[in-house]
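Working notes for the structure below.
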Amino acid sequence: IKEKEKVVRNTLNAIDNTMCSYEMKLDKSIVNTNVEYEKNLKLSKKELINKKHNELALIGVYQEDDYNRLWYNLKNKKPYSMQIKYQTEEDQFVWLHESYTPILDDNGEIEKIFVLAININESKELEAKLKMNFEELTAQEEELRQNMEELQAVQENLSKREQQLNNVFNAINN
């Protein structure tokens with residue numbers, strides 16, 4: 001049993017050193033955090049404890065339904081995952097992919113919510129660049145289509161003039 005406890009402890013330490021984690025109550029107040037979470041939000045444990053999750057997370061209109069679904073599932077003892085955007089006090093944005101899991105007591109009631117999270121800023125930045133590139137390509141495609149239409153009109157006009165000139169030459173030669 002001691003060997004299994006050691007393996008579990010080492011595994012938990014490895015997770016704690018590489019992923020963000022925190023715990024909160026059903027009232028959304030944070031009760032514990034790890035160093036990775038604190039580093040990502042650029043806040044101390046003292047600043048985070050008792051802070052409400054919805055005071056930290058930037059839940060825009062586009063995410064409100066997802067955020068409500070999160071709490072509905074948690075209250076019904078179901079895990080949930082979603083991407084959450086935070087803003088640090090230095091006005092930097094931090095995106096975390098968070099997995100929420102209700103921790104039940106011996107009576108099957110929710111004791112707390114355990115959250116594991118990973119920073120996804122890099123993928124969000126790439127996503128934004130891809131979107132911008134796609135929009136640029138779409139604009140270039142539209143410009144190219146318009147240029148092709150103009151070229152086709154010019155070509156048709158040249159063909160008409162060539163035909164007119166050929167008719168004039170044929171009239172002179174006859």
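The values are calculated or read from the model by the stated rules, or taken from the named source; none is laboratory data. Everything quoted here is computed from the prediction, not taken from an experiment. A quick note on method: Cβ atoms are made from the backbone with ideal geometry, for glycine too, and the neighbour counts reach across all protein chains shown. The accessibility values were calculated without ligands, DNA or RNA, using every heavy atom of the protein model including side chains. Shrake-Rupley method; radii C 1.70, N 1.55, O 1.52, S 1.80 Å.
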In region 100-174, what percent of the accessible surface is made up of carbon and sulfur (1.4 Å probe, ligands and nucleic acids excluded)?
53
Tell me the relative contact order for the chain as a rounded percent, counting alpha carbon contacts under 8 Å between residues six or more apart.
17
Compare Leu158, Leu26, Leu48 in a GNM of the chain, Cα atoms joined below 10 Å, and give the one with the largest fluctuation.
Leu158
Of the candidates Glu143, Glu162, Glu90, which one comes out as most mobile in a Gaussian network treatment of the chain with C-alpha springs shorter than 10 Å?
Glu162
What do you get for the angle between helix 61-75 and the principal long axis of the chain? Use alpha-carbon atoms, 0 to 90 degrees, nearest ten.
30
Taking the C-alpha atoms of region 25-89, convex hull volume expressed per residue in Å³:
92
Semi-axes of the equivalent ellipsoid for region 45-135, Cα gyration tensor, largest first, Å:
28, 16, 12
Once Rh for the chain is found with the Kirkwood sum over Cα pairs, what is the Stokes-Einstein diffusion coefficient at 10 °C and 1.306 mPa s, in µm²/s?
76
With a cap of 14 neighbouring Cβ atoms within 10 Å, and only residues DSSP puts in a loop, list the chymotrypsin sites (Phe, Trp or Tyr not before Pro) found in region 60-145.
none
Who wins for biggest fluctuation among Glu47, Glu36, Glu141 in a Gaussian network model of the chain, springs between alpha carbons below 10 Å?
Glu141
